[in-house]
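Scroll down for the structure; my scribbles are underneath it.
Just so it is clear, none of the values below were taken in a lab; they were calculated from the coordinates. Predicted, not measured: the structure shown is a model, and the values here were computed from it. No Cβ is skipped: glycine too gets one built from the backbone with ideal geometry, and neighbour counts run over all protein chains shown.
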């Protein structure tokens with residue numbers, strides 16, 4: 001039987017390294033790479049002759065021309081005849097003057113095969129809407145975390161209730177931190193996909209944690225003479241195959257979608273699936289190596305305080 005609790009310092013150390021990477025990434029890259037929804041700016045959509053165009057080249061050329069940050073994406077839509085129309089979508093981190101607009105159109109038309117007879121129409125994006133969405137999303141995560149604490153508190157009274165809830169939320173915060181690290185280090189654009197991925201992973205992670213906590217609760221009733229460490233290790237080992245099999249199945253499905261999006265160069269799906277994939281792995285990791293060991297630490301700390309209080313009052 002593997003000693004998950006006894007070796008917790010190694011797992012906590014690994015998570016600490018991820019936290020350090022997150023902090024370094026945020027400092028070096030001067031914060032997260034907020035997408036146009038949160039910064040505001042202009043979106044230009046070019047109808048292309050085909051789907052094979054170099055996004056990095058488009059970014060480089062436009063940024064050199066106007067001196068502003070550009071996030072290019074490939075996409076497609078269907079026309080009135082239900083035929084595919086390939087699009088080059090440029091998200092520019094500020095409003096464009098008419099001169100800048102003309103420069104962007106000119107450099108794209110000179111270096112890429114834009115569909116003849118089409119011209120892009122600039123679409124302004126207000127940052128206020130993105131900020132409002134971000135605030136509401138943070139509130140939603142906070143409310144969800146509070147309700148999870150209350151639920152775990154009531155359901156797992158034999159495990160200390162509140163301590164179990166706090167342990168579960170610490171594991172959730174760990175997963176959110178891992179996803180922020182991904183965005184901070186690799187400069188992924190933070191948009192609505194990030195928010196959706198975080199909310200999805202929060203639900204996935206708490207579900208896995210509750211499965212292990214259920215086993216701890218059962219074993220605490222059946223093996224009252226065993227130590228917290230033994231009960232927790234036994235419970236994790238008993239749930240391990242179920243947790244890993246569930247994670248592998250989900251990761252396989254997400255990976256398949258990511259490969260499909262990569263093959264067809266569907267950037268929006270890729271930007272959602274990649275953090276989902278990392279979040280799923282992190283959620284499984286935190287369920288096994290973070291939530292339960294943290295609960296043991298909190299329970300032992302509580303027991304020591306109660307013992308010290310009895311000695312003081314004796």
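Computed over segment 1-139, the range of Cα coordinates on each principal axis works out to 69, 34, 31 Å, biggest value leading.
Within a 10 angstrom radius of the beta carbon, how do 125, 104 rank from fewest other beta carbons to most?
125, 104
The C-alpha atoms of the chain define a longest principal axis, and helix 162-186 lies at about 30 degrees to it. Our summary gives segment 41-124 a relative contact order of 47 percent, counting only alpha carbon pairs under 8 angstrom and 6 or more residues apart.
When averaged across all projection directions, what area in nm² does the alpha-carbon convex hull of segment 127-304 cover?
11.2
The candidate values are (1) 1.27; (2) 0.91; (3) 1.92; the one derived from this structure for Cα Rg over 2.2 N^0.38 Å carries the label (1). Exposure proxy ranking for 20, 231, based on other Cβ atoms within 10 angstrom of each Cβ and starting from the fewest, stands as 20, 231. In terms of other Cβ atoms within 10 Å, 28, 107 run from fewest to most in the order 28, 107. For the chain, the relative contact order is 25 percent, taking Cα pairs closer than 8 Å that sit 6 or more residues apart in sequence and dividing their mean separation by the residue count. Our summary gives segment 117-179 a relative contact order of 21 percent, counting only alpha carbon pairs under 8 angstrom and 6 or more residues apart. Distance from the Cα centre of segment 185-243 to that of segment 1-29, in angstrom? What the calculation gives is 17 Å, centre to centre.
Between segment 39-113 and segment 124-149, the alpha-carbon centres lie 30 Å apart. Here the gap between residue 248 and residue 260, fully extended at 0.36 nm per residue and compared with their Cα-Cα distance, gives a gain of 2.5 nm. For residue 218 and residue 69, the FRET efficiency from 1/(1 + (r/R0)^6), where r spans their Cβ atoms and R0 equals 45 Å, is about 0.25. For the chain, the longest principal axis of the C-alpha atoms and the axis of helix 98-111 are separated by about 90°. Mind checking the angle between helix 192-222 and the chain's longest principal axis? C-alpha axes, 0 to 90 degrees, to the nearest 10. Long axis of 192-222 versus the principal axis of the chain: about 10 degrees.
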